[in-house]
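**Q** After the structure tokens below, expect a handful of questions from me.
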2 protein chains.
Amino acid sequence: MERSTRQRRAIREVFLEVGRPLSPQEVLELAKRKVPSLGLATVYRTLKGLVEEGFLTPVALPGEPPRYEPAGRAHHHHFLCRLCGRVYELLGCDLALTHLPPGFQAEGHEVTVFGRCPECA
Amino acid sequence: MERSTRQRRAIREVFLEVGRPLSPQEVLELAKRKVPSLGLATVYRTLKGLVEEGFLTPVALPGEPPRYEPAGRAHHHHFLCRLCGRVYELLGCDLALTHLPPGFQAEGHEVTVFGRCPECA
DNA sequence: GCCACGATGAAAACTTCTTCTCAACTTGCT
DNA sequence: AGCAAGTTGAGAAGAAGTTTTCATCGTGGC
């Protein structure tokens, strides 16, 4: 049976509180404030579980290790700060998929904007 | 001094011939047709050198190891085939960078379209 | 053609990220 | 409270990609 432990509650809460995609390391750092003994292995195990149960989805970014964000949100893209490495959600999508050469079938797309976040600007 | 060897010539030629971004593994396979003894270490060393001298640029894609393509091309984006894993260049860019929340400064962006390439469709 | 020195290839080592192992600890049912 | 079983944390191990090592080979200047 799946148990509700301090660790798992802390990790869930962190995602609801910060409102941006997090890497396993970031999850560890933020959730450690709630459960100081927390270990990285538990973070990975919990992230895996939360993805399977549909609470989180992985976010892949160019040249970056995966982040995770709450699942079920509307189509959107991401902003990666080049200085602090934090990722933010961008609402909306301005991409018009024209220009596809003949024979190519698009099934989806990813847009990543790079730059400086408000804290680093 | 930088020497012109069979291996380096072969790797350069491969990029000019295939016209799409290549991973180190793909470079190895394609250049081996010209120089069968070619080893992966040489591919990595040569790619590094070709990037430094400005002939190639790295291409980062979400959740994928880097590819390399000839440098100096106009702004463009990429198509990743989910079946064969090959990457293609897409000409043009339809992205309008509105919707940036206040305080965020954009410096660049990446667009990746996922789907099936003509050979896999 | 000779030869110094850069380049090569195979394997080992390294990095970074992720998963596994296992003894100790918690949770939740009774 | 007592206990069975799931969970945790630390470190070891694993996976994937890249770099280094080193003996040997090849290039290019003389």
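**Q** What number, in percent, do you get for the relative contact order of chain B if the mean sequence gap of Cα pairs under 8 Å and at least 6 apart is divided by its residue count?
**A** 22
**Q** Nearest 20 debye, what's the magnitude of the dipole of segment B:6-115 about its Cα centre given +1 on Lys and Arg Cβ and -1 on Asp and Glu Cβ?
**A** On the way: 14 positive and 12 negative charges, 136 e Å.
Around 660 debye, computed over segment B:6-115.
**Q** Still on this structure: Can you tell me what share of the DSSP beta bridges in segment A:1-114 is antiparallel? A percent to the nearest 5 is fine.
**A** 75
**Q** Could you give the length gained on full extension between A:V35 and A:H76, defined as 0.36 nm per residue of separation minus the Cα-Cα distance, in nm?
**A** Here the answer is 11.6 nm.
**Q** Between B:E13 and A:Q25, what is the label-point separation in nm under the 7 Å Cα-to-beta-carbon projection?
**A** Here the answer is 4.3 nm between the modelled labels.
**Q** Still on this model: Kindly put B:T5, B:T46 in sequence by how many other C-beta atoms sit within 10 Å of each C-beta, fewest to most.
**A** Ranking B:T5, B:T46 by Cβ neighbours within 10 Å, fewest first, gives B:T5, B:T46.
**Q** Follow-up question, since we're still on this one. What is the mean number of Cβ atoms from other protein chains located within 10 Å of the Cβ atom of each residue in peptide A:54-62, rounded to a whole number?
**A** 3
**Q** Each label point is 7 Å from the Cα along the Cα-to-Cβ direction; what then is the distance between the points at A:A121 and A:L83, in nm?
**A** For the pair A:A121/A:L83, the computed spacing is 1.1 nm.
**Q** Under 28 Å Cα-Cα from B:K32, which lysines qualify once same-chain neighbours fewer than 8 residues away are excluded?
**A** Answer for B:K32, where 28 Å is the Cα cut-off: B:K48, listed by chain and number.
**Q** Something else about it: Of all DSSP beta bridges in segment B:58-119, what percent run antiparallel (nearest 5)?
**A** Of those bridges, close to 65 percent are antiparallel.
**Q** With +1 on each Lys and Arg Cβ and -1 on each Asp and Glu Cβ, and nothing else charged, work out how big the dipole of segment A:3-69 is about its Cα centre, in Debye to the nearest 20.
**A** It works out to roughly 380 debye.
**Q** Arranged by the count of other C-beta atoms within 10 angstrom, fewest first, what order do A:R33, A:R86 take?
**A** Starting with the residue having the fewest Cβ neighbours, the order is A:R33, A:R86.
Where a number appears in this text, it was derived from the coordinates with a stated rule and is not lab data. The shown structure was predicted, so the numbers you read here are calculated from the model rather than taken from an experiment. Methodologically, a virtual Cβ is constructed for each residue, glycine included, from the backbone with ideal geometry; neighbour enumeration extends over all protein chains shown.
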